[in-house]
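Asker: Below is one structure. I have some questions about it.
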Amino acid sequence: MNWMIEWPGSFPIFAKGGRGSRIIDVDGHTYVDFCLGDTGAMFGHSPKATVEATARQMHEGITMMLPTDDSVWVGEELARRFGLPYWQLAMTATDANRFSLRMAREATARRKILVFNGCYHGTVDETLVRLVDGRVVAREGAMPPPIEPELTTKIVEFNDLNALEKALEPRDVAAVLMEPAMTNCGIILPEEGYLEGVREITRTTGTLWIIDETHTWCAGPDGYTATHHLQPDMITLGKAIAGGIPAGAFGASQEVFDKTSSNMLAETTGVNGLGGTLTGNALALAAMRATLQKVITKKAYNHMIPLANRFNEAVERIIQQTGVPWHTVRLGARVEYRFGTKPPKNGAEAIAAKDPLLNKYVHLYDLNHGILLTPFHNMALMSPYSTRKDVDLHTHVFEDSVEQIMA
Ligand SMILES: Cc1ncc(COP(=O)(O)O)c(C=O)c1O
């Protein structure tokens with residue numbers, strides 16, 4: 001995959017395996033893993049409960065095109081955590097986003113969607129876009145979209161309510177799809193009152209509000225949504241939901257369900273444009289159930305968030321001491337340091353602050369000292385298996401790496 005070859009050096013590290021917060025490569029080197037499969041392994045590599053449940057299920061049928069008991073438990077649990085009553089399954093977060101947009105079109109009888117500059121929601125055609133000179137264009141590097149992005153998508157900057165209001169005012173947008181804090185061009189936190197403003201504007205214009213919690217689930221066991229008392233119409237999830245076994249899910253409000261249920265439940269349809277043959281398979285559901293029940297717990301976050309704090313404070317202290325013009329941002333168990341003295345407030349500022357060479361340097365330095373950071377940016381995730389020792393190792397390596405470039 002493209003992102004596997006994006007690591008610095010002329011070849012990626014080949015993994016032999018991963019356990020907890022560690023990865024071992026084929027040459028026998030051990031790494032402290034803060035990348036954690038870019039969130040897919042946010043709760044550690046091969047968490048015990050997930051492994052046991054999936055191993056059991058492997059012997060009892062992997063995919064049967066029939067629901068299992070686990071689907072009822074998982075649906076109820078997602079409703080309890082995220083506050084939306086109806087849940088549907090997907091195989092990935094990309095899928096969950098694609099299908100939620102489809103449902104939003106059905107529910108609103110509108111075609112367009114709106115996303116934010118700098119976003120990433122997976123390989124969903126309408127969302128692989130950028131804002132350039134006031135226009136929505138296909139994202140650089142991505143294979144071409146089927147039709148011009150202007151026909152499918154509106155795009156505005158994050159933290160700009162006026163721009164959002166103007167874009168939604170014609171009332172032709174089915175849904176705003178967003179991360180409540182951006183994570184894909186570095187962490188960008190919402191300004192005070194911003195998300196409440198998004199809710200108000202989307203309500204006033206009859207636009208659905210879809211929150212993509214794939215990454216922001218790092219904020220707490222019930223996601224950013226519950227942690228911050230948000231009330232979206234739909235939520236999408238993926239990556240870590242089944243401990244790394246491919247699975248995703250998306251939830252909908254009663255109102256969205258009422259407007260789409262005739263299609264969802266129609267006996268004669270067979271094809272409603274959601275899911276695929278393997279979606280909702282027994283293995284993925286066993287993995288989701290075990291992971292939700294025993295892995296993605298309050299106790300896990302009580303361990304992960306203080307560690308992210310420790311990481312953040314140590315890096316911040318070194319930045320202050322050395323005077324390097326960088327800063328840190330933290331979102332629950334996810335923490336990042338970035339180049340530039342102040343946090344960007346939107347995608348354009350974040351993209352402008354990128355420094356590819358420095359980025360390579362940091363990742364290579366870390367790799368050579370036994371640490372994996374998320375590629376593309378300097379982001380670290382804490383897992384329930386991460387330790388203070390892991391964090392302190394990073395602190396020392398970070399300090400050395402900064403001293404080397406300041407020397
Ligand atoms: C916020 C967000 N949503 C969706 C996705 C897509 O996830 P996947 O590639 O697992 O489908 C990503 C991937 O990085 C993401 O960051």
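Asker: Is it fair to say Glu157 is over 19 Å from Ser100 (Cβ atoms) and among the charged types (D, E, K, R)? Write out each step before concluding.
Answerer: Values: over 19 Å from Ser100 (Cβ atoms): yes; among the charged types (D, E, K, R): yes.
Here the answer is yes, as Glu157 does meet what is asked.
Asker: Please pick out the residue among Leu189, Leu131, Leu177 that is farther than 15 Å from Thr216 by Cβ, aliphatic (A, V, I, L, M) and touching a strand residue (DSSP E or B) at 6+ places or on another chain (Cβ under 9 Å).
Answerer: Details: Leu189 fails: farther than 15 Å from Thr216 by Cβ; Leu177 fails: farther than 15 Å from Thr216 by Cβ.
Every option except Leu131 fails the conditions.
Asker: Pairs please, first residue from region 294-313 and over 10 Å from Pro384 (Cα atoms), second anywhere and part of a helix (DSSP H, G or I), Cβ atoms under 7 Å, 6+ apart in sequence or on different chains.
Answerer: Lys294/Ala49; Arg310/Arg388; Arg310/Val391; Phe311/Val391; Phe311/His394
Asker: Would you mention how many residues in region 1-51 are within 16 Å of the ligand (Cβ to nearest atom) and of a type outside the set (A, V, I, L, M, F, W, C)?
Answerer: Count: 6.
Yes or no, residue by residue, for (1) free of Cβ contacts under 8 Å to residues at least 40 places away in the same chain; (2) over 29 Å from Met1 (Cα atoms):
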{"position": "Asp125", "(1), (2)": "yes, no"}
{"position": "Asp133", "(1), (2)": "yes, yes"}
{"position": "Pro149", "(1), (2)": "yes, no"}
{"position": "Lys154", "(1), (2)": "no, no"}
{"position": "Arg171", "(1), (2)": "no, yes"}
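Asker: Which residue is farthest from the chain's Cα centre (by Cα), if the candidates are limited to region 220-266 and must be within 13 Å of the ligand (Cβ to nearest atom) and farther than 18 Å from Phe99 by Cα? Steps first, please.
Answerer: Quick first cut of region 220-266, residues within 13 Å of the ligand (Cβ to nearest atom) only: 223-224, 235-242, 244-250.
From the residues that got through so far, the ones that are farther than 18 Å from Phe99 by Cα too are 223-224, 240, 242, 244-245.
Values: Gly223: 11, Tyr224: 11, Ala240: 9, Ala242: 14, Gly244: 13, Ile245: 16 Å.
The qualifying residue farthest from the chain's Cα centre (by Cα) is Ile245.
Asker: A further question on this structure: Quick one: is Arg130 assigned to a loop (DSSP other than H, G, I, E, B), charged (D, E, K, R) and touching a helix residue (DSSP H, G or I) at 6+ places or on another chain (Cβ under 9 Å)?
Answerer: no
Asker: Moving on to the next point. Just to be sure I understand, how many residues within region 199-219 are part of a helix (DSSP H, G or I), more than 16 Å from the ligand (Cβ to nearest atom) and either under 18 Å from the mean Cα position of the chain (by Cα) or buried (at least 18 other Cβ atoms within 10 Å of the Cβ) (or both)?
Answerer: Initially, region 199-219 is screened for residues part of a helix (DSSP H, G or I), giving 199-204, 216-219.
Within this subset, residues satisfying the condition of being more than 16 Å from the ligand (Cβ to nearest atom) are 199-204.
Right, trim to either under 18 Å from the mean Cα position of the chain (by Cα) or buried (at least 18 other Cβ atoms within 10 Å of the Cβ) (or both) and you get 201-202.
Of the residues in region 199-219, 2 are part of a helix (DSSP H, G or I), more than 16 Å from the ligand (Cβ to nearest atom) and either under 18 Å from the mean Cα position of the chain (by Cα) or buried (at least 18 other Cβ atoms within 10 Å of the Cβ) (or both).
Asker: Contact list please: Cβ distance under 6 Å, first residue in region 349-365 and surrounded by fewer than 18 Cβ atoms within 10 Å (Cβ to Cβ) and charged (D, E, K, R), second residue modelled with pLDDT of 90 or more and not in a helix (DSSP H, G or I), pairs at least six apart or on different chains.
Answerer: Correct list of pairs: Asp355/Phe339.
Asker: If I filter region 185-197 for residues that are within 16 Å of the ligand (Cβ to nearest atom), in a strand (DSSP E or B) and surrounded by fewer than 24 Cβ atoms within 10 Å (Cβ to Cβ), do I get at least one hit? Give the steps one after another, and end with the answer.
Answerer: Quick first cut of region 185-197, residues within 16 Å of the ligand (Cβ to nearest atom) only: 185-190, 195.
Of the ones still in play, those that are also in a strand (DSSP E or B) are 186, 188.
This time we only want the ones that are surrounded by fewer than 24 Cβ atoms within 10 Å (Cβ to Cβ), so: none.
Checking region 185-197: not a single residue is within 16 Å of the ligand (Cβ to nearest atom), in a strand (DSSP E or B) and surrounded by fewer than 24 Cβ atoms within 10 Å (Cβ to Cβ).
Asker: What number of residues within region 72-127 satisfy the criterion of being on the phi > 0 side of the Ramachandran plot and away from the ligand (no atom under 15 Å from the Cβ)? Let's see the steps before the verdict.
Answerer: Of all residues in region 72-127, those on the phi > 0 side of the Ramachandran plot come to 83, 109, 118, 122.
Now restrict to residues that are away from the ligand (no atom under 15 Å from the Cβ): 83, 109.
Residues flagged as on the phi > 0 side of the Ramachandran plot and away from the ligand (no atom under 15 Å from the Cβ) within region 72-127 amount to 2.
Asker: Same structure, new question: If you go through region 53-98 one residue at a time, how many are of a type in the set (Asp, Glu) and crowded, with 18+ Cβ neighbours inside 10 Å? Even if it seems obvious, please write down each step before you answer.
Answerer: Quick first cut of region 53-98, residues of a type in the set (Asp, Glu) only: 60, 69-70, 76-77, 95.
Filter again for crowded, with 18+ Cβ neighbours inside 10 Å, leaving 70, 95.
Adding up the residues that qualify gives 2.
Asker: Sticking with this one: Go through region 25-52 and give me each residue that's over 22 Å from Leu285 (Cα atoms), in contact with a Lys or Arg (Cβ under 8 Å, 6 or more places away or on another chain) and buried (at least 17 other Cβ atoms within 10 Å of the Cβ).
Answerer: If the condition is that a residue be over 22 Å from Leu285 (Cα atoms), in contact with a Lys or Arg (Cβ under 8 Å, 6 or more places away or on another chain) and buried (at least 17 other Cβ atoms within 10 Å of the Cβ), then Tyr31, Val32, Asp33 are the ones that fit.
Asker: Could you say which residue among Val329, Val402, Val324 is touching a residue at least 24 places away in the same chain (Cβ under 8 Å), in contact with a Pro (Cβ under 7 Å, 6 or more places away or on another chain) and either surrounded by 18 or more Cβ atoms within 10 Å (Cβ to Cβ) or not aromatic (Phe, Trp, Tyr) (or both)? Quick ask: steps written out before the conclusion?
Answerer: Details: Val402 fails: in contact with a Pro (Cβ under 7 Å, 6 or more places away or on another chain); Val324 fails: in contact with a Pro (Cβ under 7 Å, 6 or more places away or on another chain).
Exactly one residue qualifies, and that residue is Val329.
Asker: List the strands (runs of 3 or more DSSP E) that sit entirely inside region 8-119 and contain at least 1 residues that are among the small types (Gly, Ala, Ser). Steps first, please.
Answerer: Details: elements: 15-19, 22-25, 30-33, 86-90, 112-116.
Of the strands (runs of 3 or more DSSP E) lying wholly inside region 8-119, those with at least 1 residues that are among the small types (Gly, Ala, Ser) span 15-19, 86-90.
Asker: Oh, and also: Within region 273-282, can one find any residue that is within 15 Å of the ligand (Cβ to nearest atom) and at pLDDT 95 or above?
Answerer: Yes, some residue in region 273-282 is within 15 Å of the ligand (Cβ to nearest atom) and at pLDDT 95 or above.
The values are calculated or read from the model by the stated rules, or taken from the named source; none is laboratory data. None of the values given here were measured: they were computed from a predicted structure. A quick note on method: Cβ atoms are made from the backbone with ideal geometry, for glycine too, and the neighbour counts reach across all protein chains shown.
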